[in-house]
1. Could you please give the count of residues in the range 196-212 that are buried (at least 17 other Cβ atoms within 10 Å of the Cβ) and not aromatic (Phe, Trp, Tyr)?
2. Being farther than 30 Å from residue 80 by Cβ and part of a loop (DSSP other than H, G, I, E, B), is that true of even one residue in the range 278-301?
3. Between 146, 139, which is free of Cβ contacts under 8 Å to residues at least 24 places away in the same chain, among the charged types (D, E, K, R) and farther than 17 Å from residue 95 by Cβ?
4. Within the range 46-65, how many residues are in a strand (DSSP E or B) and over 15 Å from residue 319 (Cβ atoms)?
5. Please state which one of 193, 260 is among the basic types (Lys, Arg) and surrounded by fewer than 24 Cβ atoms within 10 Å (Cβ to Cβ).
6. Of the residues 174, 128, 211, 135, only one is over 25 Å from residue 312 (Cβ atoms), in contact with a Cys (Cβ under 6 Å, 6 or more places away or on another chain) and not hydrophobic (A, V, I, L, M, F, W, C); which?
7. Regarding the range 141-155, can at least one residue be identified that is within 19 Å of the chain's Cα centre (by Cα), part of a helix (DSSP H, G or I), over 20 Å from residue 290 (Cβ atoms) and acidic (Asp, Glu)?
8. Just to check your reading of the model, which residue among 244, 252 is surrounded by fewer than 16 Cβ atoms within 10 Å (Cβ to Cβ), among the β-branched types (Val, Ile, Thr) and closer than 30 Å to residue 166 by Cα?
Amino acid sequence: MTKVAPIDQRKSDHIKINLEQDVRSALTSGLEKYHFIHEALPELDLNRLDTSCKLFGKQLTSPTLISSMTGGTSEAETINLRLAEAAQECGIAMGVGSQRAAIEHPEQATTFQVRRVAPDILLFANIGAVQFNYGFGVDECRRAVDMIQADALYLHLNPLQEAVQDAGDTNWVGLAGKIEEVCKKLEVPVIAKEVGWGISEHTAEILANCGVQAIDVAGAGGTSWSQVEMHRAPDEFTRNLAATFVGWGIPTAESIVSVKRAVPEMTVFASGGIKDGLDIAKSVALGATLGGMAGQFLKAAAISTEKAVDMIKLTKRQIEVTMFACGAGSLNELKQGKLQER
C-alpha cells in the first residue's frame with residue numbers, strides 16, 4: 001500500500017509545485033472572449049473613480065480578493081502574514097487555505113492566524129466540504145472561524161482533486177444536507193467555493209437551496225489542481241490518472257454567467273485564470289462582486305510584503321483604467337452594457 005504523505009508535507013509540496021511547475025489548465029478562463037466598448041470621450045476623472053464595494057459589513061477599496069492558497073507550514077505562515085499585511089494596507093479581502101491541518105493539529109493554527117497584522121480586512125476561513133463525511137461538522141466549522149477571527153467561511157468543493165489524489169477523500173454522498181446544516185447553525189456567512197473547475201447551474205441551485213450566501217465559481221482557466229497532484233503523484237498510475245484531466249472544467253466566464261442565470265440574486269466571486277485587473281473588471285461586468293487571484297499573489301508574497309502590495313496596487317489601477325476607458329464611473333456602471341462578447 002502506498003504511504004500517504006501527512007497534510008503538512010502535502011501543503012509544502014503544493015507551495016513548491018505552484019511556484020516551480022507549470023500547473024495551468026489546458027482551458028482558458030473564457031474572459032478573453034469579452035471586451036469592453038472603448039469610449040474616446042469618457043467624461044471622467046481617472047483619479048476620482050469609485051472602485052469601492054461593501055460585503056458582509058466590510059468596506060473594500062476594490063473588488064479584489066486574495067484567493068485561498070495555503071497554511072499549515074512555516075513557509076505558509078510567512079506567506080499568509082505577508083499577504084494579510086498587504087491586504088490590510090490596501091483594504092481588500094483575503095481567504096486562507098484549508099484549515100483542516102490546524103483543526104487536526106492545533107499547533108499549526110498560528111500559520112493561519114493573520115489578524116495580528118490585519119485587524120480590519122474581510123477574512124475568509126476555509127474547510128473542505130467533503131470533510132463532513134469524514135468526521136467534521138458544525139463544531140469544526142466554528143473552530144476554523146474562531147481560529148482566525150474570520151468574517152465568513154469558505155466550504156471548498158474539490159471532487160476531482162480528491163479523485164485523482166493518492167488516497168483522496170472520495171465519499172461525497174449526502175453532503176448537500178450537511179452543508180445546509182452548517183449554513184443554518186453557523187454564526188457567519190457561508191461561501192461555497194470550487195478550487196478550479198467551476199460551478200454549474202445545477203450545483204448553484206443546490207447550493208442556493210442549502211443557504212450559502214455567496215458562491216466562488218473558481219472556474220477552469222488557471223491553476224489545475226489535477227496537474228498539481230500529477231506532479232506530486234507517488235506512482236505512474238496516479239500520475240497518468242491526474243494528467244488525464246488537464247482540460248477539465250467549466251471556464252470561469254461561463255461559470256459566472258451560469259450561476260447568475262440559475263440564481264440571479266446570489267453573490268458571486270470570480271476566480272480561476274484571472275490574470276489582472278482587466279479580468280476582474282470583466283468578471284464584475286458579468287455579475288461578480290469580487291475577482292480573486294492566487295498565483296500572482298503567491299509569487300509576490302514569496303518575495304516580500306512590498307511585492308504583494310505592489311501587485312494589489314497594480315491590479316486596482318488596471319481596474320480603474322478599464323473603467324475610465326469604457327466610461328464607467330463606478331462598479332455598478334461597469335455592468336450597464338459596457339461588455340460585449342467577441
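The values are calculated or read from the model by the stated rules, or taken from the named source; none is laboratory data. Keep in mind it's a predicted model, so treat the numbers as computed, not measured. Here the Cβ positions follow ideal geometry from the backbone for every residue, glycine too, while neighbour counts run over all protein chains shown.
1. Taking the range 196-212 and keeping what is buried (at least 17 other Cβ atoms within 10 Å of the Cβ), we get 196-200, 203-204, 206-208, 210, 212.
This time we only want the ones that are not aromatic (Phe, Trp, Tyr), so: 196, 198-200, 203-204, 206-208, 210, 212.
The total comes to 11.
2. First pass over the range 278-301, keeping only residues farther than 30 Å from residue 80 by Cβ: 285.
Imposing the further condition that a residue be part of a loop (DSSP other than H, G, I, E, B) reduces the set to none.
No: the range 278-301 contains no residue that is farther than 30 Å from residue 80 by Cβ and part of a loop (DSSP other than H, G, I, E, B).
3. Working: 146 fails: farther than 17 Å from residue 95 by Cβ.
139 is the lone residue from the list that is free of Cβ contacts under 8 Å to residues at least 24 places away in the same chain, among the charged types (D, E, K, R) and farther than 17 Å from residue 95 by Cβ.
4. Step one: of the range 46-65, the residues in a strand (DSSP E or B) are 50, 53-55, 58-60, 64-65.
The next check asks that each one be over 15 Å from residue 319 (Cβ atoms); those that pass are 54-55, 58-59.
Counting residues in the range 46-65 that are in a strand (DSSP E or B) and over 15 Å from residue 319 (Cβ atoms) gives 4.
5. On the way: 193 fails: surrounded by fewer than 24 Cβ atoms within 10 Å (Cβ to Cβ).
Answer to the check: 260.
6. The match here is 211.
7. Taking every residue of the range 141-155 in turn, none turns out to be within 19 Å of the chain's Cα centre (by Cα), part of a helix (DSSP H, G or I), over 20 Å from residue 290 (Cβ atoms) and acidic (Asp, Glu).
8. On the way: 252 fails: surrounded by fewer than 16 Cβ atoms within 10 Å (Cβ to Cβ).
Matching residue, one of 244, 252: 244.
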